[in-house]
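Chemist: The structure follows.
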Amino acid sequence: MTKHQKPIDPALIEAINGPKDVAKTGKRCLMNRRQFLLTSGITTFTVMVALKAGPSSAKVPAVVSTYERKLIGKLSELKEDEPLDFTYPDDGAYSESMLVKLGREAGGGIGPNKDVVAFNYTCTHQGGPLQGTYKSEDKVLGPCPLHLTTFDLTRHGIFISGQAYQSLPQVLLELDGDDIYAVGMFGLIYGRYDNLKG
Ligand code: FES
């Protein structure tokens, strides 16, 4: 845990796991030293994440870090399947990310249909650029131009083919009226030993 531990916002947990898991995951969980070193942010905690949307899907533990809020878009201005680029959690290397309205419910999705998600653009295998690879028909990023990994944006960026063995880092979102804020990361950005330190 970090020195600056703050209470976990139940709304954030609900956005990740769905309403039924708020009570279950509201407590902080133990994490190992490596997970701590990789994810130390303003607040770090462990949640159980569904691998696909829906009540009956399998869940796995995941470490989440929250950082400063950054306004990245307006819900009313998003068009389905038209990604919007932004940088997070800073403007440094590998911070390029995308916000997209999938038109299909997704893990961690916000908005009335829980279909607005955001992901880092850098492939977790060897840093291949995923810009321009969004496929609206399958709601995926990829295949990566280097070794063809493809990531499922409806299931927290899990890899579904290719060489990578880590999910694509998901940017955690909060909706405040019509404003969409980036508030944290789920996963480690490629090329960084800490998401806040390149
Ligand atoms: S860098 Fe993307 S699959 Fe290897």
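The values are calculated or read from the model by the stated rules, or taken from the named source; none is laboratory data. Remember, predicted model here, so these are calculated numbers, not experimental data. Note that each Cβ is placed from the backbone with ideal geometry, even for glycine, and that neighbours are counted across all protein chains shown. These area figures cover heavy atoms from the full protein model, side chains too; ligands, DNA and RNA do not enter into them. Shrake-Rupley method; radii C 1.70, N 1.55, O 1.52, S 1.80 Å.
Chemist: Right, ALA93: within 14 Å of ARG155 (Cα to Cα) and not polar (S, T, N, Q) or not?
Modeler: Spelling it out, it is not the case that ALA93 is within 14 Å of ARG155 (Cα to Cα) and not polar (S, T, N, Q).
Chemist: Just checking, which of GLY127, GLY107 is within 14 Å of the chain's Cα centre (by Cα) and part of a loop (DSSP other than H, G, I, E, B)?
Modeler: GLY107
Chemist: Where residues in the range 160-198 are under 13 Å from ALA118 (Cα atoms) and more than 13 Å from the chain's Cα centre (by Cα), which of them is modelled with the lowest pLDDT?
Modeler: The residue in question is LEU175.
Chemist: Scan the range 74-83 for residues that are open to solvent by 30 Å² or more (accessible area, probe 1.4 Å) and either at negative phi or not in a loop (DSSP other than H, G, I, E, B) (or both) and jot them down.
Modeler: LYS74, LEU75, SER76, GLU77, LYS79, GLU80, GLU82, PRO83
Chemist: Does TYR181 satisfy being open to solvent by 50 Å² or more (accessible area, probe 1.4 Å) and either within 15 Å of the ligand (Cβ to nearest atom) or in contact with a strand residue (DSSP E or B) (Cβ under 9 Å, 6 or more places away or on another chain) (or both)?
Modeler: So TYR181 fails the test.
Chemist: Contact list please: Cβ distance under 9 Å, first residue in the range 101-119 and more than 15 Å from ASP179 (Cβ to Cβ), second residue among the hydroxyl-bearing types (Ser, Thr, Tyr) and at pLDDT below 95, pairs at least six apart or on different chains.
Modeler: Between residues of the range 101-119 that are more than 15 Å from ASP179 (Cβ to Cβ) and residues that are among the hydroxyl-bearing types (Ser, Thr, Tyr) and at pLDDT below 95, the close pairs are GLY107/SER57.
Chemist: Additional query: For GLY132, only one of the following conditions fails: (1) open to solvent by less than 60 Å² (accessible area, probe 1.4 Å); (2) of a type outside the set (D, E, K, R); (3) within 16 Å of the ligand (Cβ to nearest atom). What is its number?
Modeler: (1)
Chemist: Taking the range 136-145 only, how many residues are in contact with a Pro (Cβ under 9 Å, 6 or more places away or on another chain) and open to solvent by 60 Å² or more (accessible area, probe 1.4 Å)?
Modeler: Result for the range 136-145: 1.
Chemist: Tally time: how many residues in the range 146-161 are open to solvent by 50 Å² or more (accessible area, probe 1.4 Å) and within 9 Å of the ligand (Cβ to nearest atom)?
Modeler: Total satisfying the criteria: 4.
Chemist: Just the residues that are surrounded by fewer than 23 Cβ atoms within 10 Å (Cβ to Cβ) and either assigned to a strand (DSSP E or B) or basic (Lys, Arg) (or both), please, taken from the range 84-100.
Modeler: LEU84, ASP85, PHE86, THR87, GLU96, MET98, LEU99
Chemist: Just checking, how many residues over the range 121-139 are of a type in the set (S, T, N, Q) and under 13 Å from GLU80 (Cα atoms)?
Modeler: 1
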